[in-house]
Amino acid sequence: MKHFSTEEWVDFVNQVLTTDQREAMQKHLAKGCKHCAETLSMWQKVRETASAEANYQPSPDAVRMAKAAFSAAGLAQAKKESQSLVEVLFDSFLQPAVAGARSVVVGTRQMLYRAGPYQVDIQIEPQPDSNRIVVTGQLLALSHADVVGRDIQVTLSNHRGHSVIAPTSQFGEFSGEVENSGDLELSIPGGPGRPIVISLRNALGDLHGGKS
């Protein structure tokens, strides 16, 4: 007994055969061909499953959760890549104090970074009589010593929902204040979708010039 091919049974299920072809295959089944009957049954189940899948719509909550998960994963990877571009060149909290000397700017921290295409000079100090810190700094382009980062939006964040935008001046200087949560993050545009991130835990140590 001649069997029909798998492709022909797929066309049979999808109803894309001519009337003569369909009648011939129906007669073949009527003769009791078990092999072709099993093939037809399998492809009918495949079509039913595909039709049900096309009509399925996940709940709005499931969609939001999935989007949030993918978004968080993407941000985490972008942040990891951006932080790999950052190198600490100097940190005043890691320098030994001169014997017998007293600092005239107690609690002030000065840092110098190489971050992507920039050299970033940062000073962090507490705002007197306030639970805020003042962050000042300057961006210099590494590729051209005489070129500064102008009109660049530097974002200062305390990791507790408070952030400010500190645009650079014509000399690459920026300044801003944020509530002191202990932590500080600076984000600098570094390219399409890839900001340069500088993160500091315990940014001012114990506020008395101690190490962080």
Check your understanding: Nearest 0.05, what FRET efficiency do Glu179 and Gln57 give at R0 = 45 Å with Cβ-Cβ as r?
Key -> 0.55
Revision key, fill the gap. Rounded to one decimal in nm, the spacing of the 7 Å Cα→Cβ label points at Arg150 and Met42 is 7.2
Check your understanding: For labels at Gln110 and Ser92 in the simple 7 Å Cα→Cβ model, what's the distance in nm?
Key -> 0.6
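Of all accessible surface on segment 119-195 at a 1.4 Å probe, what whole percent is carbon and sulfur?
Result for segment 119-195: 46 percent of the exposed heavy-atom area is carbon or sulfur.
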Review point. Separation between the His3 and Ala30 pseudo-spin-labels, each 7 Å from Cα along Cα→Cβ, expressed in nm?
Key: 2.3
Practice item. Using a 10 Å cut-off on Cβ atoms, rank the peptides 148-161, 3-16 from the highest mean neighbour count down. Key: 148-161, 3-16
Review point. Is segment 149-195 rounded, prolate or oblate when judged by the Cα gyration tensor, a ≥ b ≥ c being the square roots of its eigenvalues, rounded requiring a/c under 1.5 and prolate requiring a/b larger than b/c?
Key: oblate
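The values are calculated or read from the model by the stated rules, or taken from the named source; none is laboratory data. Quantities reported herein were computed from a predicted structural model and do not represent experimental measurements. Cβ: placed from backbone, ideal geometry, glycine included. Neighbour counts: every protein chain shown. To get the accessible areas, we keep the full protein, side chains included, count just its heavy atoms, and leave off ligands, DNA and RNA. Shrake-Rupley method; radii C 1.70, N 1.55, O 1.52, S 1.80 Å.
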